[in-house]
Amino acid sequence: MNDYRMIIDAEQCVGCHACEVACKQEFGAPLGYFRTMTLYLDTGTYPKVKREFLPLMCRQCESAECISACTKGALSRVNGIVEVDESKCDGCGDCVSACSIGAIYVNPFSNNAEKCNLCSHRLEVGMQPACVETCVADAIKVINSDDAIPANAKGFKNAKNDTPRTLHIGANELMKQKLRAGKSFSPLNYEINTWAEKIL
Amino acid sequence: MNRRDFIKTGAISIASLQLGDIISLIPTAQADELKNISNFQTLNTLAKNIKGIEKIPSVCLNCSSVCGMNVLVKDGEILGVAGNPNDPNAQGKLCAKAHGGVSAVNNPERIVYPLKRVGKRGEGLWKRITMEEAYDTIAQKIKKNLDAGTPEQVVFHQGRNKMGDITGRFMDAIGSPVILNHRGLCSSNKRAANYTTIGDTSWETLDASECKYLLNFGSNFFETHQGGLPLLKRFVEGKRKGLKLVTFDTRLSNTAGRSDEWFAPFPSSEGIIALAMANVIIEKKLYDKKFIDEWCNISLDEIIAFVKPYTPKYASEVSGLSEEDIRRVAIEFASVAPACAAFTNRGSQAHQNGLNNDRSVIILNALVGSIGKKGGYAFGGSKSKSHKSFPMPSPIPPKPKFTTDLEDPRLYPLSNKWQKMRVSHLAFDKLKNSGQKIDVYMSYTISAPQTWPEGPTMTVDVLKDESIVPFHACSDVVYSEMAHYADIILPDATYFERYTIEGRNAYELIPYFALRQPAVEPPYDCENFADTLIKVGQRLGSDVSQYFAFDSYEEFIKLRFSTLPKREGLSGFEYMKKYGVWVEDKEKNYESYDKILSKKQLEGSFVKDDIIYIKKKDKDKAIGIMKDSIARKGLKTPSRKFEIYSSTIENTAKSLGIKDDGMPHFEMPKSLKEIKEDELVLTTFKWNVHTQARTTPQKYLTEIVHDNPVWINTATAKKLNIQNGDAMEITSYRPKSGFRASNNDEIVGTMVVQAYVTEGIHPQVIAISNSLGMNFGGRIAKGTNGKKDNIPAFIKEDDLELDGNIWWDKKYGGAGNGYNPNHIIPINPAPLVGMQAWNDTICKIRKV
């Protein structure tokens, strides 16, 4: 029995965007829609300034709000992963509204909910997810039931009741102000004037 | 609309898009009439085809790092890429550009048929022709010059070409030495610094995974840098073992932002910081006396005298850094020697004093003895792609025995000294103002109208003028900034559809090479430009065609691999097709200079003043140095030692009547030295998802970066009452020394651009990225939704996304496609080498 879990080390991330471009290419995702994003945040005052990164995608919550919200039974847990059954999804967007970070979108062309599923089609054939495979910093890992969970890995929560199964190391809490609960990831996070600590 | 309003509006429009409104933006008529290549319901994705996908080993070329990749193919369609684990440099990893490059293949705005201009040059009116007509037209034009005995009036202008074996052969065969490139815009000061100190003509190859301390003067290897991804991979490994990174950069790049310490020095002061660190290392006796005694070409006493004037106090005054930081960092660096390295890139070298800045930095490695050491400033070890390793098919055309000022400008005598580096940013000025005559201009992988300093003005003026450029043939993948000014456009193959013998400085320090091979055939009339040249060559009469007695570039590559030994029972070519990469069975190339020369290597040699020479073509060629009566390889400098003093520089300067004692020195460029209170320094930079010019048509990359407001420090902005998103006008001036210095009051240009107010930049610096603000290149590059341009080189099919999903379109309240700053950046070649001083531009700004 597989029980997959993703571990993301934000301290290792180099902000290169390879994971999300590989992801979009893997699924042919439309422009403006992202299963995964790398958020940027500049902190500090000149001349002591730092840049932080946060790769973020569906956290496969243990008690997933999206699964509860779906009245069509299109979302379910398989091998630790929250999967979308396209044959049952009608694109109503209830799951989008339920997610506190915006990790689901409804593809306007296929009218299906789409989200990170740890590339389960790759795990099935013994391959790593597209993002894991390409990451130059090895900042993203998928572990299974027998693997130890790093002690410093924590769930990145944007709502009190969030139960993230995917765990982050070194994620800056200030990144949360870039997220919009109930709305899919915004490509506007890529605009450089959203990098600063205080968003104007 | 200001930037804040834009974000609000943009957020609303995006929010509504997510509810499916975007569908209504796509005219249904179009969806019904055309077979759309991206209709999503039927999209052939990698995810649906991962089982049993075909992997074709090849090499990426979406930047110059040339990482090994496996192209993932199903039923003749490229669905994605993955790193090739056999590639010793990238070791199975790829960056965003590599993945984003896939969309170049099926780009609906790709040029797939050859075109002939029918309107005025630059008017954009075209007729589709056959490839035969294209070959004949180009051949006829060149033949005229051959018959008239003026082959040098046929010019080839290349960018990231990578097929110099065939393009060079073509130019040699027709007898023209005039090959222009882009090196002077890129790295020629850096290369000149390595050449004159360590005698290596490539880049250094930092042994980052074993390194403990990196002093980074102006490299943004997290995002760009030649071999950036291979270096980054090793940096991450080193970091896990405690490697400390200190970055000097005027702007908070991703590299600076993730460094243990970031210092923003005043532009051009990198050299004085390095020299002051040398002073501290000497003062604190943290130098490697053995290395200095054995391998430096001046004595310790001479070094002590040399660094004396460069005090931390002096460096602090010029750079704005504190004396304490300069001292502390120098001591930290030297304390972990030899597992430490100080290195450079455009931040330090793209200045008028860039050559000396970079030499000063490299010297730090010599003082602490990290040159060529494990964890240090390693270099060499690359496999040459030259004739020696991969012989050219016979007969081989002789090289032209003359040169012209267009390709070898006499005012910059170091530019072509060790390799053809050239100063091609002067070429268009020379054509316009110095009476240099040309008849045929062939351009390939170069985007001078966009990427050249004064490109949108000077370059475009010249390219449009048929009296200056009578005939222009351009091979390109998309309808580019360059193709727009051509007379014939040839539909190029993408790098997924062609061959190249590849390789880069070997980050494992073990020689290797790689093969780029077609994963699919070029579609429609598309053809590798190498094959086009072969066909043109075959039409130029027997004097030329004798050198092109092969069917294709594939056959040419096979012939070049013919001397490779068999591996696994496969011929060299077959082995390379199967694995994509060949790694030599050798040790890591540490301390190459200390290697003892074998008896065989010493055959026929003689010693003069401890330098070992052999006779080659009646010339004395240095091959080594006697050290304690043992013949060693040494460094490839005139003294076979690490050269702090450079006779090459002293003599080259003398040839121009310039007095230079051959020692590195610090001299602030005049414009920066005399900067006034109301003036700022304009610098440029590159992103991690773009190269200089060729990635903007690729949708997944341009989606991430499509706009480039000007970075300005919070305090500076406050003084000028500029807020984030405000429009500001930049006015730039010519430099006070160097090219056109007598016109230093002349305005080069003005531009109005939005401000990005940030803590991450030096208060006297503003920074704008290159790569953006395209006029051509398709809807993604231009940031405009709509129908395809009516150019008869395109396929009928379209990508539905490009008529509705370009969310950064200004029409939707998006940020737009950015600005090209190059019309306000003056042509500014640095002394001796001619490197473009990108980061020396003086400007004034005001809120508008």
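Observations on the structure shown:
- Kirkwood Rh, Cα atoms: Rg over Rh of segment B:603-655: 1.02
- When the pairs B:LYS599/B:LYS627; B:LYS558/B:LYS586; B:LYS719/B:LYS844 are compared against a 19 Å limit on Cα-Cα distance, B:LYS558/B:LYS586 fall above it.
- Among the listed pairs B:LYS374/B:LYS417; B:LYS811/B:LYS847; B:LYS383/B:LYS417; B:LYS417/B:LYS588; B:LYS190/B:LYS212, a Cα-Cα separation exceeding 26 Å is found for B:LYS374/B:LYS417; B:LYS417/B:LYS588.
- Shielding of B:260-272 by partner chains, average beta-carbon count, 10 Å: 1
- Diagonalising the gyration tensor over the Cα atoms of segment B:206-367 and scaling each eigenvalue by 5 before taking the square root yields semi-axes of 23, 19, 14 Å, largest first.
- Test item: Cα-centred dipole of segment A:97-200, Lys/Arg +1 and Asp/Glu -1 on Cβ, debye: 480 debye
- By average C-beta atoms within 10 angstrom, highest first, the peptides B:418-427, A:164-173: B:418-427, A:164-173
- Separation between Cα centres of segment B:628-645 and segment A:82-138, rounded to whole Å: 59 Å
- Per-residue Cβ neighbour rank within 10 angstrom, fewest leading, A:ASP146, A:ASP9: A:ASP146, A:ASP9
- Note on segment B:206-367: dipole from Cβ charges, positive end direction compared against B:ASN365, B:SER259, B:ALA341; the farthest Cα belongs to B:SER259.
- Neighbouring partner chain Cβ atoms per residue of B:75-85, average, 10 Å criterion: 2
- For segment A:5-194, the relative contact order comes to 33 percent (Cα pairs under 8 Å, sequence separation of at least 6).
- Across segment B:416-432, the residues whose backbone nitrogen lies under 20 Å from the label position 7 Å along the beta-carbon direction of B:LYS616 are B:416-421.
- Chain lengthening between B:ASN775 and B:LYS143 when straightened (0.36 nm per residue, less Cα-Cα): 224.1 nm
- Considering only chain B, percent of DSSP beta bridges that pair antiparallel, nearest 5: 60 percent
- Amide hydrogen neighbours beyond the local backbone of B:LYS74, cut-off 5 Å, H modeled: B:LEU79
- The residue among A:CYS70, A:THR163, A:ASN111 whose Cα reaches farthest toward the positive pole of the charge dipole of segment A:41-200, with charges on the beta-carbon of Lys, Arg, Asp and Glu, is A:THR163.
- Calculated from backbone phi, Karplus (6.51, -1.76, 1.60) coupling profile of segment B:540-554 in Hz, x at Gly/Pro: 9, x, 5, 4, 9, 5, 4, 8, 10, 8, 9, 6, 7, 5, 4
- Gain on full stretching of the segment that runs from B:GLU323 to B:SER299 - 0.36 nm per residue minus C-alpha separation: 5.9 nm
- Per-q log10 I(q)/I(0), the protein assembly as shown, q = 0.05, 0.06 Å⁻¹ (Debye; single scatterer per alpha-carbon; no solvent): -0.30, -0.44
- Prolate/oblate/rounded label for segment B:34-170 (Cα gyration tensor, a/c 1.5): oblate
- Of the peptides B:236-242, B:156-162, B:593-599, B:112-118, the ranking by mean beta-carbon count within 10 Å, highest at the top, reads B:156-162, B:112-118, B:236-242, B:593-599.
- Residues of type lysines that A:LYS50 reaches as a straight line, Cα spacing below 16 Å, ignoring anything fewer than 8 places off in the same chain: A:LYS198, B:LYS244
- Inter-label distance for A:GLU197 and B:ASP628, nm, one decimal - labels placed 7 Å from Cα along Cα-to-Cβ: 5.6 nm
- Backbone HN-Hα couplings from phi across segment B:686-693 [Karplus 6.51/-1.76/1.60, Hz, Gly and Pro as x]: 10, 9, 6, 10, 9, 9, 4, 8
- Cα centroid of segment B:132-153 to Cα centroid of segment B:182-197, whole Å: 34 Å
- 31 Å Cα-Cα threshold exceeded, pairs from B:LYS55/B:LYS162; B:LYS162/B:LYS566; A:LYS48/B:LYS782: A:LYS48/B:LYS782
- Derived scalar couplings ³J(HN,Hα) [segment B:72-82; Karplus, 6.51 cos²θ - 1.76 cosθ + 1.60; whole Hz; x for Gly, Pro]: 9, 10, 9, 6, x, 10, 7, 9, x, 9, 9
- Peptides B:555-567, B:175-187, B:636-648 ranked from most to least packed by the mean count of surrounding Cβ atoms within 10 Å: B:175-187, B:636-648, B:555-567.
- Taking all pairs of distinct alpha-carbon atoms in chain B, Kirkwood radius in angstrom: 28.1 Å
- Taking every C-alpha pair closer than 8 Å and separated by at least 6 residues, the mean separation divided by the residue count of segment B:715-848 gives a relative contact order of 34 percent.
- Dipole magnitude (debye, nearest 20) for the protein assembly as shown, charges at Cβ of Lys, Arg, Asp, Glu: 1420 debye
- Taking a straight Cα-Cα cut-off under 19 Å and skipping sequence neighbours fewer than 8 places away in the same chain, the lysines within cross-link reach of B:LYS430 are B:LYS420, B:LYS464.
- Contact order relative to length of chain B, as percent, for alpha carbon pairs under 8 angstrom and 6 or more apart: 19 percent
- Net charge dipole, chain B: roughly 1300 debye, given to the nearest 20, about the Cα centre with Cβ charges of +1 for Lys and Arg and -1 for Asp and Glu.
- Average other protein chain Cβ within 10 Å of Cβ, residues B:93-105: 5
- Cα gyration tensor of segment A:1-116 - equivalent ellipsoid semi-axes, whole Å, descending: 29, 16, 14
- Anisotropy class assigned to segment B:385-492 is oblate, per the alpha carbon gyration tensor with a/c at or over the 1.5 cut-off and a/b no larger than b/c.
- Free-standing Cys, chain A [no other Cys Cβ under 4.7 Å]: A:CYS13, A:CYS16, A:CYS23, A:CYS61, A:CYS70, A:CYS89, A:CYS92, A:CYS99, A:CYS119, A:CYS135
- Segment B:348-427 and segment B:324-344: distance between their alpha carbon centers, rounded to Å: 27 Å
Just so you know, all these numbers are worked out from the coordinates, no wet-lab data involved. From a predicted model like this one, the values you see are computed outputs, not experimental measurements. Don't worry about glycine lacking a Cβ; one is built from the backbone with ideal geometry, like all the others, and counts go over all protein chains shown.
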